[in-house]
Amino acid sequence: MVEKNSIEILRKLVGFDTTSFKSNLDLIKFIENYLNDFNIKSKLVYDETENKANLFATIGGDSKGGIVLSGHTDVVPIKNQKWSSDPFTLTERDNKLFGRGSSDMKGFIAVVLSRVSKMVETKLNKPIHLAFSYDEEIGCVGVHGLLDLIEKKSINPEFCIVGEPTSMEVVIGHKGKHAYGVKVDGFSCHSGQAPYGVNAINYAAKLISYIEELNKEKSKIGPFDNEYEIPYSTLSTGLINGGTILNIVPNLCQFEFEIRHLAEDDPKAIMQKIHEYGDELITKEMHKISPKANITFAEIINYPGLNISETINPVKQVKDILNVSKHKKVIFGTEGGLFKKKLNIPTIVCGPGSIDQAHKPDEYIAIEQLEKGGKFIDKLISSYS
Ligand SMILES: [Zn+2]
């Protein structure tokens, strides 16, 4: 049975509109007060505007080790989405709870908070740390301050669970992502005199074709990890903008592309190739016509991939608790890669709700998933008693 509490907490959490570009402080203050009622002190780590904060709290003493339960508090926008009910009012229909963030991932946070009383009552032999971040949805931006804090405290957690919606399946890997904006500055002239100009669209097209060549090359030379549906790193261009009118040779074209890479692949080496090709275009072709022509790259976001061994203890422990033998690797990114890369904490992604419902209109979490998540945390607590 689901503790009524977790639904009530989820209702409260969904009620705070924490879309990534807004403040999450009301929600963070709610959690801080909630924990305070159990005499648990929270440490808030603010961003530079002081409009957003991460929250870190420890239950069960200050010994080293223990486990981190991690989640992000922000949600994706509802803009241009048609919802059947108010996205920020948790609404029950057919044993499902609808609301923005219900599955991604306020459901997990609600389940964790609903078990705080149990964590406090249980004589834990290892601490349980709660780590809630901001601005995950715009590229795992906020969690860095939280990771710095954990590092400074040198608590060396044994492992971390990022409760992204996996339908409570055990996820031990996801790809990393590096996204870039590219600006191609050409040189304008009358299109009837095209050879006198530097056509920014043409050079953007050359670069984009090269990026696609690298994408095809990756599918042939790897590295490969067959636990993924697409077992190699991929490159993809997703946005382009250039030119003003047909009879002007365009002097500007901008586009964005991304690399989704296996944790063991090296996105820097891929970028090196793209930079070298760009430099070649500039010096061998563009500068021959105009010395001002240029290609510049700006990083938009990056987060590392996650890949942990299925043979390590935390994976076995989580599988035992869930009574499953399988694990998987997923297409979506999480903060898990950063926990592993920056702090070397083995990190498993496992939480209630399905990624299939995330980011969509009428996002929901099945009540049955909240129950499963609750049972999981219950057993986790028992394993530390
Ligand atoms: Zn998420």
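When the residues of region 1-50 are filtered to those that are over 24 Å from the mean Cα position of the chain (by Cα) and of a type in the set (Asp, Glu), which remaining residue is nearest to residue 77 (Cα to Cα)?
If we take residues in region 1-50 being over 24 Å from the mean Cα position of the chain (by Cα) and of a type in the set (Asp, Glu), then 8 is nearest to residue 77 (Cα to Cα).
Run residue 198 past the list (1) surrounded by 19 or more Cβ atoms within 10 Å (Cβ to Cβ); (2) under 26 Å from the mean Cα position of the chain (by Cα); (3) under 20 Å from residue 254 (Cα atoms) and report the number of the one that doesn't hold.
(2)
Looking only at region 69-84, count how many residues are of a type in the set (Gly, Ala, Ser) and open to solvent by 50 Å² or more (accessible area, probe 1.4 Å).
Looking only at that region, the number is 1.
Hey, among the residues in region 144-156 that are farther than 20 Å from residue 25 by Cα and in contact with a helix residue (DSSP H, G or I) (Cβ under 7 Å, 6 or more places away or on another chain), which one's nearest to the ligand (Cβ to nearest atom)?
150
Do we find that residue 292 is out of contact with any helix residue (DSSP H, G or I) (no Cβ under 7 Å at 6 or more places or on another chain), in contact (Cβ under 8 Å) with a residue 40 or more places away in the chain, closer than 26 Å to residue 187 by Cα and among the charged types (D, E, K, R) in this structure? Even if it seems obvious, please write down each step before you answer.
Numbers: out of contact with any helix residue (DSSP H, G or I) (no Cβ under 7 Å at 6 or more places or on another chain): yes; in contact (Cβ under 8 Å) with a residue 40 or more places away in the chain: yes; closer than 26 Å to residue 187 by Cα: yes; among the charged types (D, E, K, R): yes.
Yes: the conditions hold for residue 292.
Looking at 152, 216, which is the one that is farther than 30 Å from residue 290 by Cα, under 27 Å from the mean Cα position of the chain (by Cα), assigned by TED's automatic domain parsing to the domain that holds residue 282 and open to solvent by 70 Å² or more (accessible area, probe 1.4 Å)?
Numbers: 152 fails: assigned by TED's automatic domain parsing to the domain that holds residue 282.
Result: 216 is the single residue among 152, 216 that is farther than 30 Å from residue 290 by Cα, under 27 Å from the mean Cα position of the chain (by Cα), assigned by TED's automatic domain parsing to the domain that holds residue 282 and open to solvent by 70 Å² or more (accessible area, probe 1.4 Å).
Quick check, is residue 249 surrounded by 17 or more Cβ atoms within 10 Å (Cβ to Cβ), in contact with a His (Cβ under 8 Å, 6 or more places away or on another chain) and over 22 Å from residue 333 (Cα atoms)?
So residue 249 passes the test.
Where residues in region 114-143 are away from the ligand (no atom under 16 Å from the Cβ) and of a type in the set (Ser, Thr, Tyr), which of them is nearest to residue 67 (Cα to Cα)?
If we take residues in region 114-143 being away from the ligand (no atom under 16 Å from the Cβ) and of a type in the set (Ser, Thr, Tyr), then 122 is nearest to residue 67 (Cα to Cα).
Conditions (1) more than 29 Å from residue 368 (Cβ to Cβ); (2) assigned to a loop (DSSP other than H, G, I, E, B); (3) open to solvent by less than 40 Å² (accessible area, probe 1.4 Å), marked per residue:
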| residue | (1), (2), (3) |
| --- | --- |
| 5 | no, no, no |
| 8 | no, no, no |
| 13 | no, no, yes |
| 17 | no, yes, no |
| 21 | yes, yes, no |
| 26 | yes, no, no |
| 31 | no, no, yes |
| 38 | no, yes, no |
| 44 | yes, no, yes |
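Residue check: is residue 235 away from the ligand (no atom under 16 Å from the Cβ), part of a helix (DSSP H, G or I), open to solvent by less than 40 Å² (accessible area, probe 1.4 Å) and not assigned by TED's automatic domain parsing to the domain that holds residue 321?
Against the criterion (away from the ligand (no atom under 16 Å from the Cβ), part of a helix (DSSP H, G or I), open to solvent by less than 40 Å² (accessible area, probe 1.4 Å) and not assigned by TED's automatic domain parsing to the domain that holds residue 321), residue 235 does not qualify.
What pairs can you find where one residue is in region 150-169 and of a type in the set (A, V, I, L, M, F, W, C), the other is assigned to a helix (DSSP H, G or I) and more than 16 Å from the ligand (Cβ to nearest atom), and their Cβ atoms are less than 6 Å apart, with a gap of 6+ or different chains?
From region 150-169, the pairs are 159/314; 168/372.
Out of region 157-186, which residues are within 30 Å of residue 297 (Cα to Cα), open to solvent by less than 10 Å² (accessible area, probe 1.4 Å) and either within 15 Å of the ligand (Cβ to nearest atom) or of a type in the set (Lys, Arg) (or both)?
If the condition is that a residue be within 30 Å of residue 297 (Cα to Cα), open to solvent by less than 10 Å² (accessible area, probe 1.4 Å) and either within 15 Å of the ligand (Cβ to nearest atom) or of a type in the set (Lys, Arg) (or both), then 174 is the only one that fits.
Do any strands (runs of 3 or more DSSP E) entirely within region 79-191 hold 2 or more residues that are farther than 30 Å from residue 48 by Cβ, and if so, which?
Of the strands (runs of 3 or more DSSP E) lying wholly inside region 79-191, those with at least 2 residues that are farther than 30 Å from residue 48 by Cβ span 91-93, 96-98, 171-174, 176-185.
Among the numbered conditions (1) within 26 Å of residue 207 (Cβ to Cβ); (2) surrounded by 12 or more Cβ atoms within 10 Å (Cβ to Cβ); (3) hydroxyl-bearing (Ser, Thr, Tyr), tell me where residue 228 comes up short.
(1)
The values are calculated or read from the model by the stated rules, or taken from the named source; none is laboratory data. Bear in mind that the values here come from a model prediction, so they are computed numbers and not experimental data. Positions of Cβ are backbone-derived with ideal geometry, glycine not excepted, and every protein chain shown enters the neighbour counts. With ligands, DNA and RNA removed, areas are computed over all heavy atoms of the protein, side chains included. Shrake-Rupley method; radii C 1.70, N 1.55, O 1.52, S 1.80 Å.
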